[in-house]
Amino acid sequence: MEQERFLLKISTNLFIASDSEGKIGYASPKAVLLFGFPEKSDIKLSSFLSHENWHELKRHINDVLATKIPGYFMLRHQNRTFNVYIYSHNGKAVQCWEDITERRQLSDALHRTSERLEFAEKTTRLGYWELDIKARRLYWSAEMYRLFGLNARSISHKKNIIREHILPEDYPLYRQKLHELVHTGEPVDGIFRLRRSDDSIIHCQFKAAVLNDGGHSKIAGIFQDVTQLIEMQQDLDKARRAAEASDRSKSYFLAQASHDLRQPMQTLRIFISTLEEETLNRRQKDILNKISASADNLNSLLDNLLDISKLNSEGFRADIRNFDISDVLKNIFFEFQEIARSRGIVFHTSLCHYTVRSDPLLVERVIRNLLSNAFKYTRTKILLGCKREHDFIKIMVMDNGEGITPAEKERIFDEFYQSRHINNNQRSGAGLGLSIVRRISDLLELDITVKSIPGRGSSFGFLLPLEKGT
């Protein structure tokens, strides 16, 4: 008995025995201290608990006494949180109150910290990974799965997912970095390209280091999506190179035109002016007039060449005018008809005789590039369509090829991009056809629409405004 009292005294839990009405038969010293029970008999728990807490406790006491099955619930009292365990013993409800306040506070703090870390990962697009070398087990944070476009539930943690998604061209560098890390113990970093589950490519900053967890070695690191930064840098480099090339070209051209053409032209005009002051016969004057006219034409041509240089530097301007769209479509159809026949492709067109307003040469270039693209990807059929939609004429190019995935739709107009579904025997060009279409469409303010069903084909279209009054 003395031993039991000693154990109850040193226990961090509170113990109370009561009947179904809450009349207390026994309370441990810590229970007396917490509730402030007076040193008298015939006291009830209901006098020391809130109305809600007493009714909740009473309900559980009655359930335990009736079923003889131990019960458990959580209760808040005096700003403390308790797990209350209830047991039936000799017709009494024996209660063990376990104070879990600090445990709950720690759990809540850990949860808040986890939420903040996840928010930081999402904001910076930075994922954390950890490889247990001994157990050969890989851990990923939630952001790592988002970066790779994977579902955490469908991935085995023992599988080296990073290795599977790094592009083959970049994998040797990745292996080299890990080799350096393992053999030197020094942190490593690099930038690699990863293929996500939707087949899109992203650039990731990679950093890794060896962790010592109680003598247990682990490799930990981060992957951060820096695709936008890389693309921005590439765009800046491209713009810089283009600007430098353009400046060099313009500088050279203008220098040559000014030095090699202007000076001789000025000398020629001086000679002509000198001859015009001389006394000449009729035949000589006639020849001089022809020389002067030729010089004027040459000077005009030189001015035009310099004007072209200025237009290139200031931006090209389209030649907007009215033209019959059927003339453009017929010329293109007859040209591609021969190509279709040689490749065994059924090529149809639906002509429409309407006058539209745009740049005919640029419109023809757009249609040619769309058709060239269709011939690369189609299986057996292509349609060049034309129909009226209110005050516009819609031009359509349709094929029955492999189609375009949603991820590819964002990339097909990029320079040098070519789909992996292209027929090998039709692979040609540098992937600039649709990028040129985009440039011209921006210039002419054309809205190029793309509709596609993977496995069934694609349809490209754009609207041309009808001549006013049509």
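The values are calculated or read from the model by the stated rules, or taken from the named source; none is laboratory data. Because the structure is a prediction, the values reported are computed rather than measured. All Cβ positions, glycine included, derive from the backbone under ideal geometry; neighbour counts span all protein chains shown. Protein only, heavy atoms only, side chains kept; ligands, DNA and RNA dropped before computing areas. Shrake-Rupley method; radii C 1.70, N 1.55, O 1.52, S 1.80 Å.
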Does ILE382 satisfy the criteria of being under 34 Å from the mean Cα position of the chain (by Cα), open to solvent by less than 60 Å² (accessible area, probe 1.4 Å) and among the hydrophobic types (A, V, I, L, M, F, W, C)?
-> yes
Just one of VAL182, VAL188 is hydrophobic (A, V, I, L, M, F, W, C) and at pLDDT 90 or above; which is it?
-> VAL188
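Please specify each residue of segment 269-295 satisfying the condition of being at pLDDT below 80 and over 60 Å from the mean Cα position of the chain (by Cα).
Scanning segment 269-295 gives ARG269, SER292, ALA293, SER294.
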Could you look through segment 400-439, keep only residues that are small (Gly, Ala, Ser) and at negative phi, and pick out the one that is modelled with the highest pLDDT?
-> GLY401
Result of the Cβ filter at 8 Å on segment 50-79, keeping first residues that are more than 18 Å from GLU21 (Cβ to Cβ) and partners that are among the small types (Gly, Ala, Ser) and in a helix (DSSP H, G or I), at least 6 apart or interchain, is none
Residues GLU102, GLU98: which one is open to solvent by 30 Å² or more (accessible area, probe 1.4 Å) and assigned to a strand (DSSP E or B)?
-> GLU98
Check off (1) modelled with pLDDT under 85; (2) open to solvent by 40 Å² or more (accessible area, probe 1.4 Å); (3) over 30 Å from ASP414 (Cα atoms) for ASN151 and give me the number that stays unchecked.
-> (3)
Looking at segment 44-53, is at least one residue within 18 Å of ASP99 (Cα to Cα) and assigned to a helix (DSSP H, G or I)?
-> yes
Can you tell me which residues in segment 80-106 are farther than 15 Å from LEU14 by Cβ, polar (S, T, N, Q) and touching a residue at least 12 places away in the same chain (Cβ under 8 Å)?
-> SER88
Hey, TYR145 under 30 Å from ARG193 (Cβ atoms), assigned to a helix (DSSP H, G or I) and at pLDDT 80 or above or not = yes
All-but-one check, SER358 against (1) open to solvent by less than 40 Å² (accessible area, probe 1.4 Å); (2) over 31 Å from the mean Cα position of the chain (by Cα); (3) closer than 18 Å to PHE333 by Cβ, failing number (3)
Are there any pairs, at least 6 apart or on different chains, whose C-beta atoms fall under 7 Å, with the first in segment 433-457 and farther than 14 Å from GLU402 by Cβ and the second among the acidic types (Asp, Glu) and open to solvent by 20 Å² or more (accessible area, probe 1.4 Å), and if so, which?
-> SER435/ASP414; SER435/GLU415
If the Cβ limit is 6 Å and pairs must be 6+ apart or interchain, which residue in segment 127-148 that is touching a residue at least 60 places away in the same chain (Cβ under 8 Å) pairs with which residue that is of a type in the set (Asp, Glu)?
-> GLY127/GLU143; LEU147/ASP225
Within segment 385-410, can you find the residues that are within 32 Å of the chain's Cα centre (by Cα) and β-branched (Val, Ile, Thr)?
-> ILE395, VAL397, ILE404, THR405
